[in-house]
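Beneath this line is the structure, given in structure tokens, with notes to follow.
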Amino acid sequence: MIGFKKNKIQTENKTVGEQFYLARTKQNISLKKASKKTKIKLEYLKALELGNYNKLPSGMYEKKYLKVYTNFLGLDKDELLNDFQKEKQVAPQNGISNISIFSKNKLKRINFIIFPHIIKNIIIVAVVIVCFGYLGYCIKSFVSPPDLSIQKPKNDFITNERQISIIGETESDSQIYINGNSVLTNNNGDFTEKIALKKGVNTITITAQKKYSKKNIVKKQILVK
């Protein structure tokens, strides 16, 4: 007869395979040693602990191995046998219990590996979106027409003078053209230019443009009596 020793193991809410595994590892017993002591094949002990019940021999040998292993580890034989019958009824067809301690540990390891990759991918996507957003903003800034404001003259201005001053402001890096002629601006983008007028209606075209931008065009009509 094999000498067995009793050990108190917390078995609540644990599967049969988990109880076997915990009891064996708590006593520092390897599967190889357990197989040698109980005369049960190593593959059957693995099947018991993994919940692969379809790999156990059917009939009386199945229960016999269960009882021998239970006694060897010092567990409650009647309780384990009852749990074993319940688990066997709900075990998946492939024989691998989805609640075994090994499956849980494997799932945890997979989640531990996958989760950082998910976070990494989210960060990469966020960075790419921000970069494209910033690139779009820069492109828009380059091609958008500059601001252009004309203080004088007002719209539909009427005068008796044959000369008028065009006063306005634009962005500092913009170039100003009045009727196609380049006009100088100061560091703030302010400009003043005198324009000769003819009798009747005069149309003055003021254009502001940066190096790669679209044009901002303002037209003024001045009537000279």
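The values are calculated or read from the model by the stated rules, or taken from the named source; none is laboratory data. In this text, all values refer to a predicted model and were calculated from it rather than measured experimentally. Note that each Cβ is placed from the backbone with ideal geometry, even for glycine, and that neighbours are counted across all protein chains shown.
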Going through region 145-166 one residue at a time, which ones are surrounded by 13 or more Cβ atoms within 10 Å (Cβ to Cβ) and either assigned to a loop (DSSP other than H, G, I, E, B) or at positive phi (or both)? Pro145, Pro146, Pro153
Restricting attention to region 33-70, report how many residues are under 44 Å from the mean Cα position of the chain (by Cα) and of a type in the set (S, T, N, Q). 2
Of the conditions (1) modelled with pLDDT of 90 or more; (2) more than 15 Å from Lys220 (Cβ to Cβ); (3) assigned by TED's automatic domain parsing to the domain that holds Lys220, Ser165 clears all except one; give me its number. (2)
Would it be correct to say that Asn216 is at pLDDT 90 or above, farther than 13 Å from Pro153 by Cα and not small (Gly, Ala, Ser)? yes
Got at least one residue in region 39-47 being surrounded by fewer than 12 Cβ atoms within 10 Å (Cβ to Cβ) and either of a type outside the set (Lys, Arg) or at pLDDT below 80 (or both)? no
For Leu56, state whether it is of a type outside the set (Ser, Thr, Tyr), under 17 Å from Thr25 (Cβ atoms) and out of contact with any Lys or Arg (no Cβ under 6 Å at 6 or more places or on another chain). no
Could you run through region 167-185 and say how many residues are part of a loop (DSSP other than H, G, I, E, B), over 49 Å from the mean Cα position of the chain (by Cα) and loosely packed, with under 14 Cβ neighbours inside 10 Å? 2
